[in-house]
1. Could you tell me whether the stretch 73-155 comes out rounded, prolate or oblate from its Cα gyration tensor? Rule is a ≥ b ≥ c as square roots of the eigenvalues, rounded for a/c under 1.5, then prolate if a/b exceeds b/c, otherwise oblate.
2. Only residues of the stretch 26-61 count here: report those whose backbone N is under 20 Å from the spot 7 Å along Cα→Cβ of residue 13, or say none.
3. For the stretch 89-160, state which GluC sites (Glu not before Pro) are in a DSSP loop and have at most 11 other beta carbons lying within 10 Å of their beta carbon.
4. For the chain, what is the calculated [θ] at 222 nm in deg cm²/dmol (nearest 500), taking -39500 (n - 2.57) for each run of four or more DSSP H residues and dividing by its residue count?
5. Longest segment of the chain with no trypsin sites (Lys or Arg not before Pro) in a DSSP loop having at most 15 other Cβ atoms within 10 Å?
6. With +1 on each Lys and Arg Cβ and -1 on each Asp and Glu Cβ, and nothing else charged, work out how big the dipole of the chain is about its Cα centre, in Debye to the nearest 20.
7. Sticking with the crude label model, points 7 Å out along Cα→Cβ, report the distance from residue 65 to residue 150 in nm, one decimal please.
8. Just to be sure I understand the model, the point goes 7 Å from the Cα along the line to the Cβ. What's the resulting residue 23 to residue 160 distance in nm?
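Taken together, the values in this text are just the output of simple stated rules run on the coordinates, not laboratory data. Quantities reported herein were computed from a predicted structural model and do not represent experimental measurements. With ideal geometry, Cβ positions are generated from the backbone for all residues, glycine too; neighbour counts draw on all protein chains shown.
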Amino acid sequence: MTIQVGEKIPDVTLKIMKDGKMQDLSTSELCSGKRVVLFAVPGAFTPTCSEQHLPGFIAKAAAIKAKGVDTIACLSVNDAFVMDAWGKDRGAGDKVLMVADGNGDLAKALGLDFDGSGIGFGIRSHRYAAVFEDGVAKVVAVDAPMKFEVSSAEKILEQL
């Protein structure tokens, strides 16, 4: 069952790179007492994710944060080293926190995982964006498979 507006984000441990070291980051740490935009992509360095989704949030970061958002986080079922390299490659800097859901634990807990084994991806996350306030979902925008229509930075900015 996909997370719905009004539901709390499941407590899952994710990974980030900080000062050159991999560190744990729980969803409760990420969201507690904050307004967070979390967007997920099927894979780092993949075409739509690299050319549109992540760059959109980087470009619109100031406008999104001006609407009272504390953190913009990009999530993918990749490891923290890949997410860190991807963020550096795309210039995420301090605009977008690059978060690894290496085992797909959050994707599964949110009901937003899919099996991409047929194309060599394994378990991945659907493309989506969500707004959480103190861990409670206020907006959940999930794109249809192979689409990029409702989870863009522009669409989320309209809903803030």
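1. Rounded.
2. 26-32
3. 149
4. About -6000 deg cm²/dmol.
5. Between the exposed loop sites, the longest stretch runs 68-146.
6. 320
7. 2.9
8. Using points 7 Å along Cα→Cβ, the separation is 2.4 nm.
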